[in-house]
1. Any idea which of (1) more than 24 Å from residue 505 (Cβ to Cβ); (2) modelled with pLDDT under 90; (3) crowded, with 23+ Cβ neighbours inside 10 Å; (4) among the aliphatic types (A, V, I, L, M) is the one residue 437 doesn't satisfy?
2. For residues that are over 17 Å from residue 169 (Cα atoms) and crowded, with 19+ Cβ neighbours inside 10 Å, tally how many sit in the stretch 208-230.
3. Would you mind stating whether residue 237 is farther than 30 Å from residue 407 by Cα, outside the structural domain of residue 327 (by TED's automatic domain parsing), in contact with a Lys or Arg (Cβ under 6 Å, 6 or more places away or on another chain) and surrounded by fewer than 17 Cβ atoms within 10 Å (Cβ to Cβ)?
4. Mind counting the residues in the stretch 462-482 that are farther than 19 Å from residue 411 by Cα and surrounded by 16 or more Cβ atoms within 10 Å (Cβ to Cβ)?
5. Do we have residue 529 as in a loop (DSSP other than H, G, I, E, B), modelled with pLDDT of 90 or more and either among the hydrophobic types (A, V, I, L, M, F, W, C) or out of contact with any helix residue (DSSP H, G or I) (no Cβ under 7 Å at 6 or more places or on another chain) (or both) here?
6. Condition first: loosely packed, with under 13 Cβ neighbours inside 10 Å and among the small types (Gly, Ala, Ser). Now tell me which residues in the stretch 483-504 satisfy that.
7. Just the residues that are part of a loop (DSSP other than H, G, I, E, B) and either modelled with pLDDT of 70 or more or of a type in the set (Lys, Arg) (or both), please, taken from the stretch 396-417.
Amino acid sequence: MDETEQDSPEAPAVERGHNRQPIVSVLGHVDHGKTSVLDLVRSIGSERQASVMDREAGGITQHIGATEVPADVLNKTCEAMMGGKKFKSPGLLFIDTPGHHSFVSLRNRGGSVADIAVLVIDVMEGLQPQTIESLHTLKETRTPFVIACNKVDRIHGWRTQHGRSFMESFKEQREDVRSLFEDRYWKLLGQFSEHGFNIERYDQIRDFRQNVALVPMSAKDGEGLQDLLAVTVGLAERFLEDRLTDTLGAAEGTVLEMRDEVGMGKTIDVILYRGELKVGDKIMVAANDGPFETHIKGLKRPKGMAEMRDAGKRWVNFDSVEAACGVKIVAPKLENTIAGTTLYLANTQEQKEEAENAIRQEWRAIFDSMPIMCSKCSEVFPRVDFKAHTKKGPCRGAEEERKGVVIKADTVGGLEALGFELAKLKIPVRQATVGPVNKRDILMAKSAQDPLNKVILGFSVKGNSEVADSLNDDDSEIRFFSGSIIYHILDAYEAWREETAEKMAAELRESLVYPGRLLYLKDHTFRAKGPAIVGMRVLGGRVHIGQRLMKLDGTPVGQIKSLRTRASEDVKEANQGDEVAVAINGPTVGRHIEELDEFYVDVPESHAKRLKKIELNPVEQEILDELIRLHRKENHFWGR
């Protein structure tokens, strides 16, 4: 729809069989050029690309974006290839999805909305992990797709020309350059074949139902774009006619983001893929506490080919909009809307009930993927797999362990992505919600028993006004890790976790009574009593001031008052092999202890339990086992 049509506020009523524009999802591996392809699309007719990529954190797209290409722009761009024919579609609606591997669920959501997909690959790198993951998504959602074989300009000797089609370009390349391209092409053909897909260069393909079309191009230099657009629109119109005319029924759309726009207040960006929305309609969307109803006060769409995230003040008001389109909705109470969920029309009681049920099921499915911990084996599983785990072997009947960190994100997709990465690190999630960090989140994090879980991880969120200052206080009881790139958040958290664990272990080692065994050396009696001072060799383990000694039969001896080396240096601790003068309160030499006697460091029962969780050296472990055996002669449950 062009800008002159946009200025007409009232669109005609939706008639059965009207063609809507196809929704195109752009997928692929990180850095293979998905956003560059869309930047090229948005640059049609302009001299300079409007680069969204430059503004994305870390150069990685981390939110879904949407761009509409009107029919007149499509027809003009592809005029040479179409031979004067016109597309039936009113345009194309592109959805830009994240390519980083942690965004699998967000990418799945984008794929499920799409009619057709463009899978972007780097001709030099071929199939990479996220490319393969995208192929699985496309297969599961049965979404037809076209392969944009990007970066042909990287082939040695390839000469590009902005706006030129691939077919024209290929004829102009030297024979040796064409040969290099063919080598890459056959390698790609083999890689796709391994995953069950038959691919063929689009200009050589005979049966589009049996083979996936591959379109070589250079998004960087603007070559091959008309080929990609023509093939994408042509396939959609040829094979998806029923889907593209199935626009009747109650309106449904996907909420991309919730925004606070200057002069508008809280708004939501939506991809409307079914039905029609009008100003005044009641709609139902999801919040943290369940579905809620509101009414539309305004419908806005970006002017021309502006990307929804970058439209600024370039918006046109509409009284009604039809699928498929990207639209900004102004309505009350949108501040709690969860991005990534589905919007439903709710004008009638029946529509309202259906919407409530659908939203609850969708929300439940999201949290089924969150990682939790088994109370018996301490293994971490996605919640959806936990029931199956509890039916197996020794973990039969296990319960969910209420342990883990608190995670926050600005969208459902971000929340899923963060949970996905934490599951791989076997870090359970105790609470996961969308929106700014609030007091409830802090209280939840503070209540964690494990100090390593007194943490809030926030993806693209900050604290609200009530908690912002305390959240970033160095003396805060909890730690807050936030940022706009997930792997940076996780790197910072893992570094802190490792450092904190080492400190905790050091403190634990210092305060714990470790097992030790000592020998009273012959001719090394320096004082008989008050306290007795005798020379001893540490045969194994360690000994520390303040610890108590016992004989090998379990008879108590006394408490160590001081330790001194042969160089007359006072020390707090002696380790295996050291010889020290030991001052012991309690015993008398010749009455309670004798030369060549051996002693154990008597470990308190509570310390023995903690020592079982620490990796001791073989000698220390042997001494601990013997101490446990001695104590259990009198108390069968000692140290259990």
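1. Against the list (1) more than 24 Å from residue 505 (Cβ to Cβ); (2) modelled with pLDDT under 90; (3) crowded, with 23+ Cβ neighbours inside 10 Å; (4) among the aliphatic types (A, V, I, L, M), residue 437 comes up short only on (2).
2. At the first step, the residues of the stretch 208-230 found to be over 17 Å from residue 169 (Cα atoms) are 208-213.
With crowded, with 19+ Cβ neighbours inside 10 Å added as a condition, the list becomes 212-213.
Of the residues in that region, 2 qualify.
3. Values: farther than 30 Å from residue 407 by Cα: yes; outside the structural domain of residue 327 (by TED's automatic domain parsing): yes; in contact with a Lys or Arg (Cβ under 6 Å, 6 or more places away or on another chain): yes; surrounded by fewer than 17 Cβ atoms within 10 Å (Cβ to Cβ): yes.
Spelling it out, residue 237 is indeed farther than 30 Å from residue 407 by Cα, outside the structural domain of residue 327 (by TED's automatic domain parsing), in contact with a Lys or Arg (Cβ under 6 Å, 6 or more places away or on another chain) and surrounded by fewer than 17 Cβ atoms within 10 Å (Cβ to Cβ).
4. Just the residues of the stretch 462-482 that are farther than 19 Å from residue 411 by Cα, to begin with: 465-479.
Still in the list and also surrounded by 16 or more Cβ atoms within 10 Å (Cβ to Cβ): 467, 471, 476, 478-479.
Adding up the residues that qualify gives 5.
5. Values: in a loop (DSSP other than H, G, I, E, B): yes; modelled with pLDDT of 90 or more: yes; either among the hydrophobic types (A, V, I, L, M, F, W, C) or out of contact with any helix residue (DSSP H, G or I) (no Cβ under 7 Å at 6 or more places or on another chain) (or both): yes.
So residue 529 fits the description; yes.
6. Across the stretch 483-504, the qualifying residues are 495, 501.
7. Initial filter on the stretch 396-417 (part of a loop (DSSP other than H, G, I, E, B)): 396-399, 402-404, 410-411.
Matches in the stretch 396-417: 396, 402, 403, 404, 410, 411.
Residues are listed down the side, and each one gets a yes or a no for (1) assigned by TED's automatic domain parsing to the domain that holds residue 120; (2) out of contact with any helix residue (DSSP H, G or I) (no Cβ under 8 Å at 6 or more places or on another chain); (3) within 13 Å of residue 145 (Cβ to Cβ):
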| site | (1), (2), (3) |
| --- | --- |
| 189 | yes, yes, no |
| 197 | yes, no, yes |
| 216 | yes, no, no |
| 224 | yes, no, no |
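The values are calculated or read from the model by the stated rules, or taken from the named source; none is laboratory data. This structure is a prediction, so every number in the text was calculated from the model and none was measured. No Cβ is skipped: glycine too gets one built from the backbone with ideal geometry, and neighbour counts run over all protein chains shown.
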